[in-house]
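What follows is a short report on a single structure.
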Amino acid sequence: MTKRISAPFGPETVKSLRAGDRVLLSGKIWTGRDAAHKRLCALLDEGKPLPVSLENELIYFVGPCPASPGKVIGSAGPTTSGRMDAYSPRLIDACHLAGMIGKGGRSAAVIEAMKRGPAVYFAATGGAGALISKCIKKADVAAFGDLGPEAIFRLEIEDLPLVVAIDCYGKSLY
Amino acid sequence: MERIVKFDEVVEAAAALCGKAACFLPEDVKKSLLAAAEKETGELGKEFFRQYAENFRIAEADKLPLCQDTGFAVWFVEYGTDVRLDKGDIYAALDEGTRRGYTRNYLRKSIVSDPLFDRKNTRDNTPCIVHLKLVPGDKIGLTLAPKGGGSENMSALKMLKPSDGRAGVVKFVVDTVVSAGGNPCPPTVVGVGIGGTMEKAAILAKTALLRKVGAPNEDPRYAELEAEILEKINASGVGPQGLGGAVTSLAVHILSHPCHLASLPVAVNINCHAARHAQIVL
């Protein structure tokens with residue numbers, strides 16, 4: 001069975017998702033990868049406000065291709081989530097991030113933070129960037145524009161195919 | 001007889017290959033993916049194979065990159081000793097071709113200027129990597145193998161002891177691929193370099209990825225080794241995207257080279273299921 005859900009979402013939705021669930025996600029999400037995560041955590045260290053609110057939000061680990069003329073965005077598949085393991089617990093604990101979208105397994109520390117959150121981790125299909133770009137209806141740079149493909153974008157998505165890879169109860173498919 | 005090739009001809013050919021490699025999956029890779037889909041038993045795995053096939057069809061039809069990580073531009077050049085460029089050199093031509101190709105085709109620029117300190121995006125995907133081989137003749141063979149970071153990061157190299165032998169090689173390669181899990185976007189193609197020196201083994205592993213997917217090594221002993229490693233990898237159950245299934249790798253390709261009597265270098269380089277490459281002879 002495939003669940004249709006809409007982002008942003010609160011703890012009730014997080015708690016309703018189980019590892020193995022297939023999901024079609026619509027709504028609004030942030031993007032962010034290595035460099036953006038490093039900057040977000042540096043701002044938290046300095047006690048400064050973040051350029052975007054993460055509460056009840058999802059971060060999609062992606063660095064898209066530039067849009068060709070007439071397109072909203074270029075290819076936009078997930079990057080390896082493990083590189084964000086150093087930062088994710090902080091964003092869940094301090095900013096109440098509701099979930100993440102990426103590919104590949106997560107560290108024990110991230111899973112513990114997800115249980116506290118609660119937060120959920122979705123796997124998108126790695127290497128299917130062209131297919132995924134068709135689910136993105138709008139893409140605007142929201143912060144750190146100087147980072148190019150590593151900037152934080154606001155994406156509006158429709159029926160993005162995902163799998164709940166790790167749920168907020170600590171169950172993992174990896 | 002010396003043949004003069006225009007610098008700009010090399011630049012334009014290289015730029016065109018950047019777009020072709022990013023958007024058009026080679027036929028052998030498509031065939032291998034479609035055949036592997038039939039072997040997949042897991043429900044999620046079957047769904048991923050459906051998405052891979054849809055993805056390469058959309059990429060081709062809309063000229064969209066198969067994957068947003070359009071990679072480091074890695075060039076394998078077979079440069080005829082009778083060729084001379086009318087100006088500049090092959091390295092400059094390939095950098096300029098990469099720059100134009102990645103910009104013109106809306107490919108992602110993924111190269112940072114310094115690995116440790118600045119990590120500032122160079123904004124044109126240069127510099128590229130060039131593996132140059134001098135060959136007899138008056139032609140230039142260009143092969144582009146754009147390499148994504150996710151799969152490249154799962155590479156490994158080990159200087160085994162000669163006494164580790166065949167079993168040691170099998171264990172190292174299988175452990176490397178299985179512990180990579182879903183990170184390199186399985187089902188993967190696994191390139192293995194055995195022998196030579198440390199750097200030679202690494203280049204062999206990368207070169208092995210250029211072979212037609214599933215074409216066995218010409219030496220039956222290595223062909224058998226490829227089959228055994230592939231079987232063990234697929235028995236792991238890692239599966240497509242690392243979420244479980246029967247197909248973790250599409251093929252294992254081994255290249256070997258003579259080595260020092262004290263050594264047994266083994267390198268593993270992994271390609272994701274979007275095993276991209278494109279070539280042309282000038």
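The values are calculated or read from the model by the stated rules, or taken from the named source; none is laboratory data. Since this is a predicted model, take the numbers as computed values, not measurements. Reconstructed Cβ throughout: ideal geometry from the backbone, glycine too, with neighbour counts over all protein chains shown. Just so you know, the surface numbers come from the protein's heavy atoms only, side chains and all, with ligands and any DNA or RNA stripped out. Shrake-Rupley method; radii C 1.70, N 1.55, O 1.52, S 1.80 Å.
Name every residue in the stretch B:1-21 that is open to solvent by 50 Å² or more (accessible area, probe 1.4 Å) and either at pLDDT 95 or above or closer than 18 Å to B:Cys67 by Cα (or both), in order of residue number. Step through it out loud before you land on a result.
The first filter runs over the stretch B:1-21 and keeps only residues open to solvent by 50 Å² or more (accessible area, probe 1.4 Å), leaving B:1-4, B:6, B:8-9, B:12, B:16, B:20.
Across the stretch B:1-21, the qualifying residues are B:Arg3, B:Ile4, B:Lys6, B:Asp8, B:Glu9, B:Glu12, B:Ala16, B:Lys20.
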From the list B:Val178, B:Val130, pick out the single residue that is open to solvent by 30 Å² or more (accessible area, probe 1.4 Å), touching a Phe, Trp or Tyr at 6+ places or on another chain (Cβ under 7 Å) and touching a residue at least 12 places away in the same chain (Cβ under 8 Å). B:Val130
Scan the stretch A:19-40 and tell me whether some residue there is within 14 Å of another protein chain (Cβ to nearest Cβ), farther than 20 Å from A:Gly145 by Cα, open to solvent by 60 Å² or more (accessible area, probe 1.4 Å) and touching a residue at least 60 places away in the same chain (Cβ under 8 Å). yes
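Restricting attention to helices (runs of 4 or more DSSP H) lying wholly within the stretch B:1-115, give those where 2 or more residues are under 21 Å from B:Leu250 (Cβ atoms). Reasoning before the result, please.
On the way: elements: B:7-23, B:27-39, B:43-62, B:90-104.
Of the helices (runs of 4 or more DSSP H) lying wholly inside the stretch B:1-115, those with at least 2 residues that are under 21 Å from B:Leu250 (Cβ atoms) span B:7-23, B:27-39, B:43-62.
To keep it simple, each residue is scored yes or no on (1) surrounded by 18 or more Cβ atoms within 10 Å (Cβ to Cβ); (2) touching a residue at least 60 places away in the same chain (Cβ under 8 Å).
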| position | (1), (2) |
| --- | --- |
| B:Cys23 | yes, yes |
| B:Asp28 | no, yes |
| B:Gly45 | yes, yes |
| B:Tyr52 | yes, yes |
| B:Phe56 | yes, yes |
| B:Thr70 | yes, yes |
| B:Ala73 | yes, yes |
| B:Val77 | yes, yes |
| B:Thr81 | no, no |
Scanning the stretch A:102-157 for residues that are charged (D, E, K, R) and without any contact (Cβ under 8 Å) to a residue 60 or more places away in the chain, which turns out surrounded by the fewest Cβ atoms within 10 Å (Cβ to Cβ)? A:Asp140
I'm trying to understand the selection: among the residues of the stretch B:133-166, which are open to solvent by 20 Å² or more (accessible area, probe 1.4 Å) and within 12 Å of chain A (Cβ to nearest Cβ)? B:Gly149, B:Glu152, B:Asn153, B:Met154
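Rundown of residues vs (1) open to solvent by less than 50 Å² (accessible area, probe 1.4 Å); (2) farther than 19 Å from B:Ala145 by Cβ; (3) touching a strand residue (DSSP E or B) at 6+ places or on another chain (Cβ under 9 Å), yes/no style:
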| position | (1), (2), (3) |
| --- | --- |
| B:Pro184 | yes, no, yes |
| B:Val192 | yes, no, yes |
| B:Gly195 | yes, yes, yes |
| B:Ala205 | yes, no, yes |
| B:Glu218 | no, yes, no |
| B:Ala223 | yes, yes, yes |
| B:Ala227 | no, yes, yes |
| B:Ile233 | yes, yes, yes |
| B:Gly242 | yes, yes, yes |
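Can you give me the ranges of the helices (runs of 4 or more DSSP H) entirely in the stretch B:148-265 with at least 2 residues that are closer than 29 Å to A:Arg83 by Cα and over 14 Å from the mean Cα position of the chain (by Cα)?
B:165-180, B:198-208, B:220-235
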Would you say B:Gly237 is without any contact (Cβ under 8 Å) to a residue 24 or more places away in the chain and closer than 23 Å to B:Ser179 by Cα? yes
Output for the stretch A:46-67, where each listed residue is open to solvent by 40 Å² or more (accessible area, probe 1.4 Å), within 22 Å of A:Ala119 (Cα to Cα) and charged (D, E, K, R): A:Glu55
